[in-house]
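Below is one structure, written out as structure tokens, with a few remarks after it.
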Number of protein chains: 2
Amino acid sequence: MNPDIIKERQNATFDVEKLINILDRGPEKTKRRREIESLIFNDPDFKEENPNFLSRSERYDQAVRKSVNMILKLREYGITDPEEIYYYKRCMHRNRPEPLDLHLGMFLPTLLNQATSEQMDHFFMPAWNLEIIGTYAQTEMGHGTHLRGLETTATYDPATQEFVINSPTVSSIKWWPGGLGKTSNHAIVLAQLHTQGNCHGLHAFIVPIRNMDTHIPLPGIVVGDIGPKFGFSEVDNGFLKLDNVRIPRDNMLMKYAKVDPDGTYMKPPSAKLTYGTMVFIRSLIVGEAAQALAKSCTIAIRYSAVRHQSEIRPGEPEPQIIDYQTQQYKLFPLLAMTYAFTFVGQYMKETYHRISGDISQGDFSELPELHALSAGLKAFTTWAANGAVEVCRMSCGGHGYSCSSALPDIYVELTPMCTYEGENTVMMLQTARYLVKSYQQAKAGQQLSGSVSYLSDAEQRRVQPQPVAARPTVVDINDLASLVEVYKLRAANLVQLAAKSIQQELQNRKSQADAWNSSATDLVRASDAHCHYVVVKLFTEKLGEINDTAIHSVLSTLALLYALHGIQQNSGDFLLAGLLRGPQVLQISVRIKDLLSQLRPNAVALVDSFDIHDNKLNSVLGRYDGNVYENLFEWARSSPLNATEVHESFHKYLKPLRAKL
Amino acid sequence: MNPDIIKERQNATFDVEKLINILDRGPEKTKRRREIESLIFNDPDFKEENPNFLSRSERYDQAVRKSVNMILKLREYGITDPEEIYYYKRCMHRNRPEPLDLHLGMFLPTLLNQATSEQMDHFFMPAWNLEIIGTYAQTEMGHGTHLRGLETTATYDPATQEFVINSPTVSSIKWWPGGLGKTSNHAIVLAQLHTQGNCHGLHAFIVPIRNMDTHIPLPGIVVGDIGPKFGFSEVDNGFLKLDNVRIPRDNMLMKYAKVDPDGTYMKPPSAKLTYGTMVFIRSLIVGEAAQALAKSCTIAIRYSAVRHQSEIRPGEPEPQIIDYQTQQYKLFPLLAMTYAFTFVGQYMKETYHRISGDISQGDFSELPELHALSAGLKAFTTWAANGAVEVCRMSCGGHGYSCSSALPDIYVELTPMCTYEGENTVMMLQTARYLVKSYQQAKAGQQLSGSVSYLSDAEQRRVQPQPVAARPTVVDINDLASLVEVYKLRAANLVQLAAKSIQQELQNRKSQADAWNSSATDLVRASDAHCHYVVVKLFTEKLGEINDTAIHSVLSTLALLYALHGIQQNSGDFLLAGLLRGPQVLQISVRIKDLLSQLRPNAVALVDSFDIHDNKLNSVLGRYDGNVYENLFEWARSSPLNATEVHESFHKYLKPLRAKL
């Protein structure tokens, strides 16, 4: 064990194991999580070659091998709890996405939700046993989130009782679905349904794409891998071109919408049924963003404790780089962010489970709020985490660029979250739509509930004679409740500004649609402020649940740092709204520096509390024992270019050149 | 040609060719640049396999092949102008770093600058003819920018008149030098010189590392590749462990410092001689950051003009995504930034050339200022560009993640610039040291010149009775000169705050060193504001050189957007310093939206003006003809995983699984 990191652990003021239990939500859960980890990390079937040393084809191959083993093991061990399966899978693949993701996460659940009982009989068991391997093909090369824009058609032919599925243009080729390129033999294809001369919009069809025995693509099908990407090297994201492919009528998923043998169409009872899944997936993404942050902070902070560089005091030995204020200022706010987002992810999952009972009973009353919140928080947390991982990487100097750090991998696994399951700007605008609507309801005198209730309060306050400038003096920059309040008022102010911008544009004779577009940047800022408020509020509320004094103290410091750092980064908003005065903003800068010093002795313990197993972290820089350099040397020596002492290019090019010059 | 992009070009208000000439600094230079490009792109010897489809070893192999061809061609064509060689090389390698970079950019120049005439006779021609291939080995695994911290030793043995070069620890292993792993047979090794019982600090030694004939590492040498990284796949960044390797006394570079045969040491006349090179390289980096930005903006803006998605007005066809205000707000400020940084890079190179004559005459008077400026601007521009490339990538939705977009490659080529040739935070603190020193001189009544002269002005104004609050009313947010002024005052204010923080810490009985570290975050902010001011100022001054009315108009709009967007992003600073009032900040937000609309018709023409050849851009999304989708399909089909219809993993794992379940 590296002596620096031993000392760091000795200096911690709280019991790490207790904080681990809090993050796991109970000691039993910690125990079970570690059991699952040891099942995986002690299993020779899950040993892996370092993917950074493999070709893309080898990476894909290794991932398929591991996924197949996983299916066998999960059944052998009888692991059936969805959360446990999810953890097992993520842990086994070291958080890397894998070829069966869409089969397990979209194909099977879509069958469960949208197949009739006859279809279940026909498709489900073969899919459960991976005879049928499926994916979910919605996005097209030229069309993303806008469902009406999708071009693939499914035309019903009553003569043969078949649907004819077709890709009419290059831009209509299905593009991106995971597992589509090489792995799947079936796809649930989303296509515009045409029957009896009418188009009824997007519906889902089960389309066989490869021969079950030979795996060769079927006639009329052009399928393949979309090529290398920024990350996701294990996944065969694919393309699918359908040339008037005929499938039986029974292959349309007909639990809700139906097409009769004669072609008569019956529409589904409600469009809201798919909302719940989206909310659930987005809440998972918040948790995954927090996890990527936790890994990044663990690596950067442990490394900063063992790395010595330059000088603070002339003549003294090189200090640990974690003692530089600039390094603390880079990393500790991100550590605070990690805790914040972890709690937000937990809150969202809990809220989803709380109201999913209502949803299945047809009570959608809480759904619009949760839908708006999950959209905005997905965007807010993934954007913030995206920048944060890169700050962590760059805080490790040169070694952060080496794949041995794991930080490049973490980034490329995280960054697509900003785009998939709802592009972030689109998500922010969805939240904004809800905020503006709520604001208008509040203005019309309606009392709002939930996370937007403050818009009612703000409206009430506006009509009272209290001058805006009288407020700031009451803000206590050391009191979290007071800070939650200013974040709330900032959000209210920005929602109001965005709504006013729309109003202004309407007065300039723009249409509602154009007024919205001309105010879109204001709307995004309003959503961002709303989400920021929610995060500060949830972090603060979480502190109320912590009984251990030492842990309460350190988490309160983190929460305060998170809140004050956010104000510092957005001080213009707070000054502009008259919520803070200049001297307070200057005080906040000084206070942040105090908080950095205060957190310094606990920094390593706070990342140890994420309890990320070395095998899962997979980072030479972030090793628990801190023995970075000898392992870095070993890692490099085992890399493929060192398999031979002399690279063939010497004999091919460099030596012959001598004769030519 | 895609009809959308044709229309965009028709709508431009200025002559693109004229702006191309301005950016090239003269029509003759445009002509010559295009000649060089056509030499490369029409040469079958420079045809390349798509690196994204190759293994690391194949990428390295291809790069060596091309570099060797390049050496032959440059001599064949008689291209000898350093700028032309630089352009030829970058263009031929599509801006990718390559294995000979350090031989050409560091080994040869170091010989030229630091070798005696006898050493030149011995080493230079073999190196010029690539018999000797060398690299520059300074950084060690455990030590970066801090030269005193480096551990490698060179101990003089007068008995044999040899130096004994040694890596005493794992952390002392040389790490990172480009071309060291596989390509080089020599290295200039930086080591602590010990002679006659004294250590004289870091000196440079020429160390043979591989057999000239077989390329096998020499006895006592452990050398290899440091393994895969985030980008730089063509380069064999290497490690070098020296186990008491003996080299002749003549292998120490002795133009300045000397060791006599008996071991007597003579120190060099000046330490400032190496400053000039650093300034030059950092000014090149600013230009390269601008070039990476230019590529990214070209791709994102052209793609935004051909991509249609979602809806602005209900029921209408999907609009070009460049018509969304949010998309304009993401991209147009970055377009403005690209122009700003391009001009800054040009300015720095010109300034360097202007004063390099003085430097070679031993007149270093302008060097401290230029050194401080180049350090800060290197950090300021690479950090900004780093975030900006990712915004461009994410603005392309899913397709931005595909390597076909080229954006992932641009990012990984750019991001190391934040760390190499001076880690950015360290750079900012170097600039801050100069600023604080200048501030103290101004306070002591000294009249400053150059980019920091405003610190004198600020000091003078401070003693006058004019109240701070009287200033803001005079700011005209549409007048660039007025905006340069507020940027200047913001910088002055932040320099003053940082200096005060140091003062405060000293009063709290901290040592000078600790006071500096406790104020480091303030110091970085001050440097950042100083650099921001310089960039706005240089952009504004550049406009004075533009005679063409139409081009002057559009570049003025860009400069205004750059300045106002910077204020919006940092509005707290301007409000806090009393430089702007709340209503002005709100006006700026509205004005920015106007500017976005104003730039909209010229967006494509403004990226066309970077005149980046399709071969150099190497992006399916950014093609000049806008024919994205058909080429994306073709690109994907030619990728390696599609070489066979059925991947072997089907037969190895997926099919056998059926029998096991």
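The values are calculated or read from the model by the stated rules, or taken from the named source; none is laboratory data. Values in this document were obtained by computation on a predicted structure and should not be read as measured data. Note that each Cβ is placed from the backbone with ideal geometry, even for glycine, and that neighbours are counted across all protein chains shown. For the accessible areas, the whole protein counts, side chains as well, though only heavy atoms, and no ligand, DNA or RNA atoms are used. Shrake-Rupley method; radii C 1.70, N 1.55, O 1.52, S 1.80 Å.
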Distances in nm, one decimal, shortest first, from B:Gly78 to the same residue in every other copy, taking the label point 7 angstrom along Cα→Cβ. 8.7
Taking the label point 7 Å from Cα in the Cβ direction, how far apart in nm is A:Asp157 from each other copy of itself, listed shortest first? 8.7
At 1.4 Å probe size, with the rest of the protein present, what percent of the exposed accessible area of segment A:280-438 is carbon and sulfur atoms? 57
Leaving out ligands, DNA and RNA but keeping every protein chain, what accessible area does A:Ser310 have, in Å² rounded to the nearest 10, with a 1.4 Å probe? 30
Rounded Å value of the spacing that divides the Cα centres of segment A:226-291 and segment A:406-459: 24
Return the calculated 222 nm mean residue ellipticity for the protein assembly as shown, to the nearest 500 deg cm²/dmol, obtained by summing -39500 (n - 2.57) across DSSP H runs with n ≥ 4 and dividing by the residue count. -17000 deg cm²/dmol
What number results when the radius of gyration of segment A:133-268, computed over Cα atoms, is divided by 2.2 N^0.38 Å? 1.03
Which residues, if any, in segment A:380-397 have at least 10 Å² less accessible area in the whole protein complex than in the isolated chain, probe 1.4 Å? A:Trp383, A:Asn386, A:Glu390, A:Arg393, A:Met394, A:Gly397
For a quick check of understanding: with a 1.4 angstrom probe and all protein chains in place, what accessible area in square angstrom does B:Phe332 have, to the nearest ten? 0
Would you calculate the separation in nanometres between label points at B:Ser449 and A:Val646, each defined as 7 Å from the Cα along the Cα-to-beta-carbon direction? 5.9
Stokes-Einstein, Kirkwood over Cα pairs, chain A, 25 °C, 0.890 mPa s; D in µm²/s equals 89
Lysine pairs in segment A:133-268 with Cα distance under 26 Å, only those 8 or more apart or on different chains: how many are there? 12
No solvent, one uniform scatterer per C-alpha: report log10 I(q)/I(0) for the protein assembly as shown via the Debye equation at q = 0.04, 0.05 1/Å, two decimals. -0.23, -0.37
Spin-label pair A:Asp514/A:Met125, simplified geometry with 7 Å Cα→Cβ offset, distance in nm: 6.2
Chain A - accessible surface per residue (Å², probe 1.4 Å): 37
When the convex hull of the Cα atoms of segment A:511-618 is projected onto a plane and the area is averaged over all directions, what value comes out in nm²? 10.7
Using a loss threshold of 40 Å², tell me which positions in segment A:323-372 are less accessible in the complex than in their chain alone. Probe radius 1.4 Å, ligands and nucleic acids ignored. A:Gln325, A:Thr326, A:Lys330
Here the averaged projected area of segment A:276-409, based on the convex hull of its alpha-carbon atoms and given in nm², is 8.7
With an 8 Å cut-off on Cα pairs and a minimum separation of 6 or more residues, tell me the relative contact order of segment B:133-268 in percent. 28
Shortest first and in nm to one decimal, what separations exist between B:Thr277 and its copies in the other chains, measuring from label points 7 Å along the Cα-to-beta-carbon line? 6.1
Leaving out ligands, DNA and RNA, and with a 1.4 Å probe, what % of the accessible surface on segment B:133-268 is carbon or sulfur? 54
In percent, how large is the relative contact order of chain B, given Cα pairs closer than 8 Å and 6 or more residues apart? 15
Given all pairs of different Cα atoms, what value in angstroms does the Kirkwood hydrodynamic radius of segment A:575-661 take? 19.0
Expressed as a whole number of Å, what is the distance separating the alpha-carbon centroids of segment B:1-61 and segment A:73-151? 44
Where the Cα pairs of segment B:1-65 fall when distances are cut into 10 Å bins, in %: 17, 24, 30, 25, 5
Interface burial for B against A (accessible surface, 1.4 Å probe, total of both chains, Å², rounded to 100): 11000
